[in-house]
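Structure first, commentary second.
Where a number appears in this text, it was derived from the coordinates with a stated rule and is not lab data. Here the structure is a predicted model, which means the values were calculated and not measured. Counting neighbours? That spans all protein chains shown, and the Cβs are built from the backbone with ideal geometry, glycine included.
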Amino acid sequence: MKLLRFILLLFVYANALAQHKVQPVAIPATVQSKNYYLLTLLQADAGARQLIEHDEALTRLAQAKIVAIREALGSCKDALCMTESLKFTDAEVQTVGDRLAALYKPGNALGTLIAGQVIPSGRYILHNGLPPAELLVKAWQQDAEGINHTIAVYAQGKKPNYPAIDSIGFKVGDKSYKTLVTSAVQTLLNGTQNTRQFFMPSLTAALIFLDLNARDNAQDYEPMETTVNKAAVQRIKTINWAKYPYSLILVPGMGPEDAGVPLAPEGMLRCRLAVDEYLKGAAPFIMVSGGKVHPYKTPYCEAEEMKRYLINVLHLPENVILMEPHARHTTTNMRNAVRLIYKYHIPADKAAVVVTEKSQSGGITNMAARCMKELGYVPYRLGKRLSDTEQEFFAVKEAMQVNVGEALDPE
């Protein structure tokens with residue numbers, strides 16, 4: 001029965017593609033697109049945008065949201081009250097889900113968007129087994145949850161998973177913050193008061209408050225294949241993979257706790273461990289992973305500083321080094337490495353190896369429960385435990401799933 005259902009779904013997708021000759025929508029890697037991919041597609045695709053902008057229930061919801069925000073601006077006594085009006089309510093999420101399911105047809109713009117963009121992206125891969133209309137609803141719910149979480153953390157001061165590095169930059173109880181929020185909400189209303197897109201007020205709010213908190217980390221260094229990773233990506237196509245036991249050597253970063261220090265001693269040691277393996281011929285690439293993490297709002301990126309150390313101190317050529325400059329935790333060091341394996345067409349069936357000092361390496365070997373708690377899935381498959389400092393791992397496609405609880409590194 002499952003096989004028959006899968007074949008029928010494939011037929012539906014293929015038919016939609018054939019009828020509309022889908023061309024991928026070019027979506028730059030921005031804070032918005034990385035966090036809220038479906039909503040970005042609904043803006044970018046003319047046919048899908050027309051469907052939602054001409055749906056009476058959805059446009060009515062958009063204008064009702066503007067009215068609710070304006071009323072909150074006039075009546076609320078504090079920032080929490082005002083910012084609560086910016087979130088999607090449960091009723092709004094349900095209404096939108098019902099309307100999107102009703103609007104979906106295999107051969108229309110939403111159908112081709114799901115078949116040609118949403119499913120191949122992997123950003124909602126945990127729902128890929130659902131019928132397309134249900135997947136569309138799940139993708140919407142995921143984006144709505146992400147927007148609400150962003151507003152909760154970066155407008156209302158709710159604690160994120162790791163408050164010491166990811167929390168709001170304002171004291172939400174201060175009078176000055178209420179004044180800032182009032183101005184932000186007024187700016188939001190000025191820019192969206194005539195919108196016909198049901199998601200624009202809340203989406204704009206999430207982006208405004210990320211901006212006010214200087215939290216645009218998700219788009220750092222993008223597009224990486226034409227910037228920091230250009231030399232290495234160009235070299236990938238020349239590699240004879242059979243010559244190497246591993247596809248790459250992953251080095252997780254560690255940020256210093258002292259402001260003004262670009263690279264922690266542990267990061268240097270991890271780089272040296274990786275270079276030892278590289279010089280033995282273990283893999284053709286070293287991937288350094290880690291974003292702007294420690295201390296709070298540091299300007300230094302772990303991956304960039306490790307790359308600089310590998311080139312300037314350990315004398316590796318740039319085309320050997322892949323940067324992954326967004327990860328904020330060990331779980332996402334692993335996840336983001338897997339994502340780049342797929343994105344850069346590195347053989348996904350070939351083992352990679354993560355190299356780090358003993359304490360962290362042991363943690364990686366026993367990290368599945370932490371991954372489930374923080375991500376909702378395990379974004380890699382473990383291979384052999386090679387030594388106190390080396391652990392094999394394999395890519396799994398679940399790593400493409402967006403994490404709605406991490407606006408600074410969602411995908």
(request) Using only Cα atoms, find the angle between the long axis of helix 302-312 and the longest principal axis of the chain, and express it within 0 to 90 degrees, rounded to the nearest 10. (result) 30
(message) Test of understanding: extend the Cα→C-beta vector of residue 313 to 7 Å, then name every residue of the range 278-299 with backbone N under 20 Å from that spot.
(response) 278-280, 286-295, 298-299
(request) Using a 10 Å cut-off on Cβ atoms, rank the peptides 278-289, 368-379 from the highest mean neighbour count down. (result) 278-289, 368-379
(message) Given R₀ = 22 Å, what would the calculated FRET efficiency be for residue 234 paired with residue 368, taking r from the Cβ atoms and rounding to 0.05?
(response) 0.05
(message) Bin width 10 Å, origin at 0, all Cα-Cα pairs of the range 354-411: what percent of pairs per bin?
(response) 23, 47, 28, 3
(message) Defining a contact as two alpha carbons under 8 Å apart and six or more residues distant in sequence, what relative contact order in percent does the range 251-400 show?
(response) 21
(request) Neighbouring Cβ atoms within 10 Å as the yardstick, rank 159, 138, 105, 87 fewest first. (result) 159, 105, 138, 87
(message) Nearest 500 deg cm²/dmol is fine: what mean residue ellipticity at 222 nm does the chain get from its DSSP H runs of n ≥ 4 alone, each adding -39,500 (n - 2.57), divided by its residue count?
(response) -15500 deg cm²/dmol
(request) Considering only 249, 341, 27, give the residue with the highest GNM mean-square fluctuation for the chain, with springs between Cα atoms whenever their separation is below 10 Å. (result) 27
(message) Across the range 2-215, what fraction of all alpha-carbon pairs, as a whole percent, falls in each successive 5 Å bin from zero upward?
(response) 1, 7, 14, 18, 18, 14, 11, 7, 5, 2, 1, 0, 0
(request) Could you state the angle between the C-alpha long axis of helix 132-154 and the longest principal axis of the C-alpha atoms of the chain, as a value from 0 to 90 degrees rounded to the nearest 10? (result) 80
(request) Compute the distance in nm between two label points, each set 7 Å from the Cα along the Cα-to-Cβ direction, one at residue 296 and one at residue 216. (result) 2.3
(request) Return 167, 75 ranked ascending by Cβ neighbour count within 10 Å, so the fewest neighbours appear first. (result) 75, 167
(request) Could you calculate the FRET efficiency of residue 241 with residue 102 from 1/(1 + (r/R0)^6), where r is the beta carbon distance between them and R0 is 30 Å, rounded to 0.05? (result) 0.05
(message) Under a crude label model (7 Å from the Cα following the beta-carbon direction), how far is residue 183 from residue 84 in nanometres?
(response) 2.5
(request) Could you work out how far the C-alpha centroid of the range 129-169 sits from that of the range 275-293, in angstrom? (result) 32
(request) Find how much the distance from residue 194 to residue 397 grows on full extension, using 0.36 nm per residue of separation minus their present alpha carbon separation; answer in nm with one decimal. (result) 69.1 nm
(message) Run the Debye formula on the Cα coordinates of the chain, all scatterers equal and no solvent, and tell me log10 I(q)/I(0) at q = 0.10, 0.13 1/Å.
(response) -0.73, -1.14
(request) In square nanometres and to one decimal, what's the mean projected area of the convex hull around the Cα atoms of the range 70-146? (result) 6.2
